[in-house]
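What follows is calculated from the coordinates using simple rules that are stated; it is not laboratory data. What you see is a predicted model; the values in this text were computed from it and never measured. Reconstructed Cβ throughout: ideal geometry from the backbone, glycine too, with neighbour counts over all protein chains shown.
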Amino acid sequence: MYKEIVSGKEKIAVVGLGYVGLPLALEFAKKVDVIGVDVNEGHVAKLWRGEDPNGELGSDSFADRKISFTTNPAELKGAKFIIIAVPTPVDKYNKPDLKPLLTATKSVGKYLKKGDYVVYESTVYPGCTEEECIPLLEQMSGLNCGLDFKVGYSPERINPGDLEHSLQNTIKIVSGCDEESLEEIAKTYELVVKAGVHRAPAMKVAEAAKIIENTQRDVNIALMNELSILFNRMNINTYDVLNAAGTKWNFMKFSPGLVGGHCIGVDPYYLVHKAAELKYHTQMVASGRFVNDSMGGYIAKQTVKRILASGKEGDSGVKNESAKIAINSGVKKGTTLENLRVLVMGVTYKENVSDIRNSKVSDIVNELVSYNIDVDVIDPKADAHEVLEEYKIRIQKEPVGLYHAVIVAVSHKEYVGLSADDFRKLLMPGGLLVDVRGIYRSLSKEFRYWSL
C-alpha cells in the first residue's frame, strides 16, 4: 500500500474537510495525489478557490498541491487509502452523536474495494471502530475486514489557532487491525509527520489515548473552576493564588475558564457513555463535566449580583479617588434588571479562532437574557450568520452606548491590549468589568472588577 501511494499508482482520500481533515489532506497533497471529500457544497466551492472555510489556513497552503475537492462520494473509488475525519459531537442530552461518523462510513463502504485501507481520525470511545464502524463497512461493501480490506485508527491532535503544535511536529498515534496494517499505516503517516509516529498495540488503545488526553485537561480545569468558586467566597483572586502556587517545580499550571469546543467539552462524554455501558459510574469525569458545564451560568449570576451590589462603600477596593467616586455612585436606586445593559466580548469557544462549536459563552448570554437584561455581543472572529443560526444570538459590529457591565469572555488578541481608557468608553460610572480569563488584573484598582 505505502509503495503504491508513494509511486503515484494509488491515491489518498480524506473524508471531512474541517479543522482536522483539511490540514491533513493538504499536507499529504504536497507529496501524493489526494481526493478531498466533504458534504458541504459551499465549503468545497471555497476550497477550489484556495480559501479555507475554517479561516485557519492561508491561500499559500493550497499552492502546488496535488489535490481535488468533491462532494461526490463515488470518487472514493479512485482512492486506495481513505481517511475519515468527520465531527463526532454529542446530542442535547450529552450522548455521543455518531450520525456523521456512521454516514461517512456508509459512503466509504459503498465504494470500498479489495485491498483498500480505511483509517479513522474522528474521536470516539474505546471500541467504537471495531464495534460500530467495521461491521458497517463490511455490510455496505460485502467484504471482510482483515481479509479483503484493512482498518486503522489514528486520533487527530489538531489544536485550532495553535501555530506551534502543528500536524508536522506533533507525534501521531497510529494503530491497525493487524501487524501488517499497523506498519503500512505508520509508514504512510510518516510521509507528513516529521515528529514521527507512535505505534499503538491495538485500535482500542489509540482510541482510549485520545479520550484521556482531553479528559485529563477537562478534569484539571474543573478543579480550577471549583477552586475559583471557593476563592470567590473567600475574596481571594484565583490567579494570584495560581501564580504563587506555580512557583513550585511540580505544580501543574491549569487555569479556570469556559470549557467548550469540539474536544475538551465533548470527548469526556464519550468515555462516560462507554463506562455506563459497562455499568460503571465515572465519578471524577462526570463531576468535572458538571462543574465545567455550569460555569457560564455561574459567571452570569455573579455578574448580575455584582452589578446590583454596586454603590456599597468599600465594595471595590479601588484606590484611585476619582475612580472610587464613580464606582460608589453605582447603579441608580430603583434600577430594575430590565434596565440593565451588559456587553459580552467574544463568543467563539476559545481565543483567536472563528470556531463557535459548543461555545459556552452562549450560556452566559442566555442566562443574562433570562433575567430580561439587555445584552449586546461582539466578536472580531466569529461569523455573525453562523452564531445567529446556531445560538439565536445576534452579533453587533461594535458596542453601542454605555453598559452596566462588560464581560470579556474570550481573550482574543484584539482584546488583550485594551487599556483602562478603552473600558471607560464602554462602562457607565460604577460599571463592572468581568474578566473571565484574568487578563486585566492590572485594572482591578481602576474599576469594579471581578474574574474567575
message = Could you tell me which residue out of G152, V347, F81 lies farthest along the dipole of the chain toward its positive end? Charges go on the beta carbon: Lys and Arg +1, Asp and Glu -1, centred on the Cα centre.
response = V347
query = How about region 134-213: which GluC sites (Glu not before Pro) there are in a DSSP loop, with at most 13 other Cβ atoms within 10 Å of their Cβ?
reply = E164
request  = Evaluate the Kirkwood expression for the hydrodynamic radius of region 220-451, namely the inverse of the mean inverse distance over all pairs of different C-alpha atoms, and round to one decimal in Å.
outcome  = 18.6
query = Contour minus end-to-end for V400 and M284, with contour as 0.36 nm per residue of separation and end-to-end as the Cα-Cα distance?
reply = 37.4 nm
request  = Enumerate the calculated ³J(HN,Hα) couplings along region 180-185 in order (Karplus 6.51 cos²θ - 1.76 cosθ + 1.60, θ = phi - 60°), each rounded to whole Hz, writing x wherever the residue is Gly or Pro.
outcome  = 5, 5, 4, 5, 5, 5
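Restricting things to Cα coordinates, could you compute the convex hull volume per residue of region 2-201 in Å³?
It comes to 117 Å³ per residue, whole-number rounded.
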message = Students often forget the sequence filter, so: which aspartates and glutamates lie under 14 Å Cα-Cα from K253 once same-chain residues fewer than 8 apart are removed?
response = D218, D240
query = Non-local amide H neighbours of R448 (under 5 Å, H modeled in plane, Pro and chain starts lacking H): which ones?
reply = L433
remark   = For the L230, H385 Cβ pair and Förster radius 51 Å, calculated FRET efficiency rounded to 0.05 is 0.80
query = Which whole-Hz ³J(HN,Hα) couplings does region 288-293 yield from phi under the Karplus relation 6.51 cos²θ - 1.76 cosθ + 1.60, θ = phi - 60°, glycine and proline marked x?
reply = x, 5, 4, 4, 5, 6
task = Could you tally the net charge around Y403, taking each other residue with its Cβ under 10 Å from the Cβ of Y403, Lys/Arg +1 and Asp/Glu -1?
result = -1
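What percent do you get for the relative contact order of the chain when only Cα pairs under 8 Å and 6+ apart count?
It comes to 11 percent, rounded to a whole number.
To the nearest 500 deg cm²/dmol, what mean residue ellipticity at 222 nm is calculated for the chain from DSSP H runs of n ≥ 4 alone, each contributing -39,500 (n - 2.57), summed and divided by the residues?
About -10500 deg cm²/dmol.
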ask   = Quick one: which of K9/K106; K106/K381; K301/K350; K95/K248; K274/K392; K11/K110 span more than 28 angstrom between C-alpha atoms?
value = K106/K381; K95/K248; K274/K392
message = Compute the angle between helix 203-233 and the longest alpha-carbon principal axis of the chain, please, reported from 0 to 90 degrees and rounded to the nearest 10.
response = 0
note = With no solvent term and unit scatterers on the alpha-carbon positions of region 34-120, Debye gives log₁₀ I(q)/I(0) at q = 0.11, 0.13, 0.21, 0.26 Å⁻¹ of -0.37, -0.51, -1.10, -1.29
request  = Could you work out the mean projected area of the convex hull around the alpha carbons of region 91-147, in square nanometres to one decimal?
outcome  = 4.1
query = Based on the Kirkwood radius over alpha-carbon pairs, what value in µm²/s does the Stokes-Einstein equation return for the translational diffusion coefficient of region 84-123 at 25 °C and 0.890 mPa s?
reply = 220
inquiry  = What percentages make up the Cα-Cα pair-distance distribution of region 138-270 when the bins are 5 Å wide from 0?
reply    = 2, 9, 13, 14, 15, 14, 11, 8, 5, 4, 2, 2, 1, 0
Calculated from backbone phi, Karplus (6.51, -1.76, 1.60) coupling profile of region 245-262 in Hz, x at Gly/Pro = 5, x, 6, 7, 4, 10, 6, 7, 8, 10, 9, x, x, 7, 10, x, x, 9
ask   = Where does the longest stretch of the chain lie that holds no chymotrypsin sites (Phe, Trp or Tyr not before Pro) found in a DSSP loop with 12 or fewer other Cβ atoms within 10 Å?
value = 281-452
inquiry  = Can you give me the long-range amide H partners of V377? Hydrogens built in the peptide plane at 1.01 Å from N, cutoff under 5 Å, separation of 5 or more residues or another chain.
reply    = V344, Q396
request  = Would you mind getting the Kirkwood hydrodynamic radius of the chain from its Cα pairs, rounded to one decimal in Å?
outcome  = 24.0
remark   = Once normalised by the length of region 2-201, the mean sequence separation of its alpha carbon contacts under 8 Å that are 6 or more apart gives a contact order in percent of 17
GluC sites (Glu not before Pro) restricted to DSSP loop in region 12-97 with at most 12 other C-beta within 10 Å = none
task = Order by neighbour count: S362, S7, fewest other Cβ atoms within 10 Å first, most last.
result = S7, S362
query = Rounded to the nearest 0.05, what FRET efficiency do E338 and K110 have when you use their Cβ-Cβ distance and R0 = 35 Å?
reply = 0.05
query = Which residues' amide hydrogens lie under 5 Å from the amide hydrogen of V118, considering only partners 5 or more residues apart or on another chain, with H built in the peptide plane?
reply = I82, K150, V151, G152
